[in-house]
Amino acid sequence: MNVDVLITNIGELLPMNADGAVKGKAMNELEIINDAAIAIRGDHVAWIGSMAETTNIQAKKTIDADQNLVTPGLVEPHTHLVFGGSREKEMALKQQGVDYLEILEEGGGILATVNMTRKATFDELYKKARFHLDRMMMHGMTTVEAKSGYGLDYETEMKQLEVVQKLQQNHPTDLISTFLGAHAIPPEYKDDTDGFLEKMADMLPEIKEKECAEFVDIFTETGVFTVDQSRRFLQKAKDAGFRVKIHADEIDPLGGTELAVEVGAASGDHLAVASDEGIARLAQSDTIGVILPGTSFYLGKDAYAPARAMIDAGAAVAISTDFNPGSCVTENLQLIMSIAALKLKMTPAEIWHAVTVNAAHAIDRGSTAGTIAVGRQADIVIWDAPNHMYIPYHYGVNHARTVLKSGRIMYERQAIQ
């Protein structure tokens with residue numbers, strides 16, 4: 001067999017093969033192939049087998065995994081990738097115990113980022129977003145969802161979506177675009193939230209025509225949008241041909257988890273204070289619960305999303321950085337995996353399902369991302385780690401040694417000379 005790339009001496013290979021999202025107890029069942037090898041032809045996986053079977057394979061390039069862990073490229077299902085400026089000055093307020101909603105009321109928080117994003121040029125936003133996206137790939141993330149939501153007006157929301165569109169064309173990462181115009185209430189609409197939602201809904205036909213987004217999202221929360229408003233807005237998005245997501249039950253338990261299931265959302269995200277009823281409905285549905293433990297960690301919250309209860313109930317769970325400038329400022333999904341182990345009490349096997357196959361299904365990429373299989377896109381990470389348990393155990397650093405995207409090496413750690 002003649003191939004382009006042969007990865008040899010794999011200590012542990014996690015293929016993450018699954019028929020759909022992995023739910024409940026099955027998340028703790030992990031297929032591990034020891035002493036494995038992978039052959040890549042072009043942009044796809046051509047063969048998977050044991051080292052003993054590689055004698056007849058001729059490769060243009062051979063990569064020795066040195067008995068380390070090999071997995072699919074990580075899938076990131078929830079980011080706010082495109083934004084202007086930064087908000088490091090708010091950290092002191094958070095340390096003093098000032099609540100996020102209070103910061104928001106004083107013109108900080110998301111509204112500060114909205115102002116900076118409105119002022120930023122397209123090129124400035126593109127350059128900044130590409131910088132963050134490069135970092136994500138260096139950390140093993142090969143498929144990334146990116147939301148708008150820092151414009152809250154026609155011009156800036158379109159500018160954000162068009163930045164993602166250009167990145168899709170020019171960056172090796174697979175990007176999935178989400179319109180989150182209903183992210184907050186701009187000051188000019190503080191007394192007319194229904195009117196603001198109508199304005200955002202009026203953008204849907206143009207976004208669909210220009211293919212600027214696949215998903216539509218909304219922030220259902222106290223001081224933002226109610227469950228009823230969210231239901232009406234998401235139905236308009238579905239009628240316009242979009243798949244939908246929902247920022248749900250992050251601060252107050254308003255029933256956002258239940259709404260995610262009701263409207264058939266691909267995912268309900270945050271779910272930090274999801275009710276028992278919401279968890280039960282999530283477990284009976286195809287909606288993925290996307291948990292963002294880095295946000296609770298960064299904001300100093302004692303309560304984390306009840307991922308353990310969700311998995312025990314039979315739900316499919318994914319985890320994400322929630323990369324954004326205000327409540328989780330990291331491009332390192334590996335760090336979030338450690339927080340999931342320490343704070344959500346998720347097992348290593350559950351965590352790996354949550355950052356590969358389940359994360360892929362949360363953004364409708366279950367057929368292309370999150371799995372290593374013959375015929376599938378060759379998105380693969382070789383780790384500086386002896387086994388799958390090591391990544392969440394050794395926290396705060398980048399363990400990615402080599403990142404391949406569609407069969408091409410996009411990042412390779414170099415030894416210090």
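Every read-out reported here was derived from the displayed coordinates using simple, explicitly stated rules and does not represent laboratory data. Everything numeric here is computed off the predicted structure, so don't read it as measured data. As a convention, Cβ positions derive from the backbone with ideal geometry for all residues, glycine included, and neighbour counts pool all protein chains shown.
State whether the stretch 317-417 is rounded, prolate or oblate according to the following rule on the C-alpha gyration tensor (a ≥ b ≥ c being the square roots of its eigenvalues): a/c under 1.5 gives rounded; otherwise a/b larger than b/c gives prolate, and the remaining case gives oblate. Here the stretch 317-417 falls in the rounded category. Our summary of shape: the Cα atoms of the stretch 1-149 have principal axis extents of 67, 41, 28 Å, ordered from largest down, in whole angstrom. Measuring between their Cα centroids, the stretch 1-57 and the stretch 350-378 lie 13 Å from each other.
Summarising the amide proton neighbourhood of Ala316: residues at separation of 5 or more, or on other chains, whose placed amide H is nearer than 5 Å comprise Gly24, Gly289. Couplings for the stretch 340-351, taken from phi via the Karplus curve 6.51 cos²θ - 1.76 cosθ + 1.60 with θ = phi - 60°, read 4, 5, 7, 9, 8, 6, 7, 7, x, 4, 5, 5 Hz in order; Gly and Pro are left as x. All other residues whose Cβ lies under 12 angstrom from that of Ile279 are scored, Lys and Arg at +1 and Asp and Glu at -1, for a net of -3. Stokes-Einstein diffusion of the chain at 37 °C, 0.692 mPa s viscosity, Kirkwood radius from Cα pairs, rounded to a whole number: 152 µm²/s. Summing charges over all other residues whose Cβ lies under 15 Å from the Cβ of Leu104, with Lys and Arg as +1 and Asp and Glu as -1, gives -4. Counting only Cβ charges, +1 for Lys and Arg and -1 for Asp and Glu, the dipole size of the stretch 206-354 around its Cα centre is about 140 debye. Extension gain for Asn34-Asp239 works out to 69.0 nm (0.36 nm per residue, less the C-alpha to C-alpha distance).
In summary, the stretch 144-231 shows an alpha-carbon radius of gyration equal to 1.09 times the 2.2 N^0.38 Å reference for compact globular proteins.
The string of couplings for the stretch 136-153 from the Karplus curve (6.51, -1.76, 1.60, θ = phi - 60°) is 4, 5, 4, 8, x, 8, 10, 9, 9, 8, 9, 9, 7, x, 10, x, 6, 8 Hz, one whole number per residue in order, with x for Gly and Pro. Over the Cα atoms of the stretch 161-284, the radius of gyration divided by the Kirkwood radius equals 0.99; this is the Rg/Rh ratio. For the stretch 347-417, applying the loop criterion from DSSP together with a ceiling of 14 other beta carbons within 10 Å to the chymotrypsin sites (Phe, Trp or Tyr not before Pro) yields no site. The loop-placed trypsin sites (Lys or Arg not before Pro) in the stretch 112-192, going by DSSP, that have at most 15 neighbouring Cβ atoms within 10 Å of their Cβ come out as Lys190. Restriction of the trypsin sites (Lys or Arg not before Pro) in the stretch 1-101 to DSSP coil positions whose beta-carbon has at most 13 other beta-carbons within 10 angstrom yields Lys89. Placing +1 on the Cβ of every Lys and Arg and -1 on the Cβ of every Asp and Glu, with nothing else charged, gives the stretch 279-417 a dipole about its Cα centre of roughly 100 debye.
Mean residue ellipticity, 222 nm, helices only, the chain: the sum of -39500 (n - 2.57) across DSSP H runs of n ≥ 4, divided by residue count and rounded to 500, is -9500 deg cm²/dmol. Can you tell which of Thr62, Ala92, Leu81 lies farthest toward the positive end of the dipole of the stretch 44-113, using +1 and -1 charges on the Cβ of basic and acidic side chains (Lys, Arg; Asp, Glu)? Positive-end residue among those listed: Thr62. For the stretch 287-332, the convex hull drawn through the C-alpha positions has a volume of 71 cubic angstrom per residue.
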